[in-house]
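The values are calculated or read from the model by the stated rules, or taken from the named source; none is laboratory data. Owing to the predicted nature of the structure, the values given are computational and were not obtained by experimental measurement. Backbone-built Cβ (ideal geometry, glycine too); neighbour counts: all protein chains shown. Please note that ligands, DNA and RNA were not included when accessible areas were found on the heavy atoms of the full protein model with its side chains. Shrake-Rupley method; radii C 1.70, N 1.55, O 1.52, S 1.80 Å.
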Amino acid sequence: MPADPLRGAAAIVGLGITPQGKVFHTGALGFAVDAVKLALDDAGLAREDIDGLLLNPGLAWADLGMGSFQLQQAMGLRNLRLSATMNLGGATACAMIQHASQAIAAGLATTVVCVFSDMPLKPPAPKGDRASAASAYGFARGWEQAYGFFGVNAMYALVARRHMHRYGTSQDHLGAVAVGQRRWATLNPAAQLRDQPLTLDDYHRSRWIVEPFHLFDCCLVSNGGLAVIVTGAERARNLRRPPVYLWGMGQGHLGGDPADTLTSGAVLAREPAFRMAEITLRDVDVVELYDCYTFTVIVTLEDYGFCAKGEGGPFAAEQVTGPGGRVAVNTGGGQLASFYMWGMTPVSEAVIQLRGDGGARQVPRHDVALVSGNGGILSTHSTLILSRLPS
Amino acid sequence: MSAVPKPLPQITPEMAPFWEAARRHELMVQRCRGCGTRRFPARELCSRCLSRDAGWERVSGHGQVFSFAIMHQVYHPAFADAVPYAIVVVELEEGARVLSNLVDCPTADVAIGLPVEVVFEDVAPDVTLPKFRPRRAAA
């Protein structure tokens, strides 16, 4: 079969990560601007080099219609040939990079910045009012508030409980994911929980949020921004940092009730992505999976075929995904222990690893990375296969 | 007793028949007139046959727990004294899945497959919440 012309045709050349977590000095738009500036500096590019802008607006963008245009105006960008605001939830990051590479291949644009930002955390109230610590993810819809059904945690918990019932996934299994990723986080100076090692006992002792989720089953909702710049392979080779080439990509959106499927869209997205990349799972050195919850990692490991369907829990419990393990998964600590920037968190860690910038957490062999994005309640899914090698 | 009252359901025109039935202590779900699929909550379209034609139908209120989550975190001050409490998705004998609370049951005893029946909680003069409890043996 002939090679896919898009394989290796574009690369990520710039990465910008603003301060993450409980940071309140600006807003969603300001974080986006800062992230783009950092990505431009990283790439050695100027504002004038950008001719494409893709924005994934976080919750705090809700009232800012035409988000990518708002960002363009805020940044004084002129003469864009591509602009779009995209929202597949946590699957958007990988999808934006896919669309950027396609637009570049089609000649629509040459240099596309893809950005996410959000400000779901409110500044702490003067008197330590507990309500002010709530994040924007604790919302309720219409009539559901009457039943005390609040927040994304509860929606995911209903699906996780079905997986536990059907496959025997246990609280220990969920905890194993939290423990494994925390081990990575202790090696990542940028991780918010870098100074808080976690044992399985600690996990079980942590407070319940929505059972079966403990505190440490849930990602670290964060304020901040994150941007990457995508350009054609030829231009990529002449920029400041080593290019991270786009080898494979795919999307998969199953629809229906995730409590029935207990499956992510990876089952649709993986095949085209791996076919395009001309590799198999065995060729992957670094795995960055979307981890809004520990449970999401278990499902995603199953759906990419790291283990059989339903075996994600026991697989995680083998503790083969932490530092020094057989499969390096979420090597920066992920969204559970580092920061939550929707799908940009796994993308950014893949770029860091493929560049060899991982420091104490650097995976020794780092030629190929698998990245997943997941939005809604296992509702949307996207895949990237990235490499530091051009082909 | 919490100082803050629990929020009442936002009653949309689409869901009004459900809440009107609840006030009469009846449980109703929407049923597609195109293909007969029962659904909850109310929707304009049937996602199976795309028909807009639908009516409301009284159901037995019997079913079993399809999934559940125990709420510990307080997301709203009115629930501060209520935690931990059970959110359940009940699969009705007639097919639709209804999100509600399980009452009269310790949270440790909630389980998938538990047979349940509807009960009605009058929370305001004109608002009644259908909830579920473990099914009692028929008299």
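Values for this structure:
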| quantity | calculated |
| --- | --- |
| Computed magnitude of the charge dipole of the protein assembly as shown (debye, nearest 20; Cβ of K, R +1, Cβ of D, E -1) | 340 debye |
| Prolate/oblate/rounded label for the stretch A:207-310 (Cα gyration tensor, a/c 1.5) | oblate |
| Gyration tensor (alpha-carbon) shape descriptor, chain A, a/c threshold 1.5 | oblate |
| Carbon plus sulfur fraction of accessible area for the stretch B:16-134, probe 1.4 Å, in percent | 47 percent |
| Order by protection proxy (mean Cβ within 10 Å, highest first), peptides A:22-35, A:173-186 | A:173-186, A:22-35 |
| Three-way shape label, the stretch A:273-353, alpha-carbon gyration tensor, a/c 1.5 | rounded |
| Solution diffusion estimate, µm²/s, Stokes-Einstein, the stretch A:171-261, Kirkwood Rh from C-alpha pairs, 4 °C, viscosity 1.567 mPa s | 76 µm²/s |
| Distance between the stretch A:136-201 and the stretch A:245-277 - C-alpha centres, whole angstrom | 22 Å |
| Taking chain A and dividing mean pair separation by its residue count, relative contact order in percent (alpha carbons under 8 Å, at least six apart) | 25 percent |
| Lysine pairs meeting the criterion (Cα under 24 Å, 8 or more apart or interchain), as found in the protein assembly as shown | 5 |
| Sequence-separation-based contact order of the stretch A:345-391, relative, with Cα cut under 8 Å and 6+ spacing, percent | 34 percent |
| Inter-chain Cβ neighbour average for residues B:61-72, partner chain, 10 Å | 6 |
| Three principal axis lengths of the stretch B:16-134 [C-alpha, angstrom, descending] | 44, 34, 25 |
| Check: chain B dipole with +1 on Lys, Arg Cβ and -1 on Asp, Glu Cβ, in debye | 360 debye |
| Max mean-square fluctuation residue, GNM over chain B, Cα-Cα springs under 10 Å, options B:Leu102, B:Leu114, B:Leu45 | B:Leu45 |
| Helix-only CD estimate at 222 nm, as mean residue ellipticity for chain B, using -39500 (n - 2.57) per DSSP H run (n ≥ 4) | -1500 deg cm²/dmol |
| Fraction of beta bridges assigned by DSSP in the protein assembly as shown that are antiparallel (%, nearest 5) | 80 percent |
| Helix-only [θ]222 nm of chain A, DSSP H runs n ≥ 4, -39500 (n - 2.57) each, per residue, nearest 500 | -9500 deg cm²/dmol |
| Relative contact order (%) - chain B, alpha-carbon pairs under 8 angstrom, separation at least six | 23 percent |
| Area buried, chain A against chain B - accessible surface, total, 1.4 angstrom probe, square angstrom | 2600 Å² |
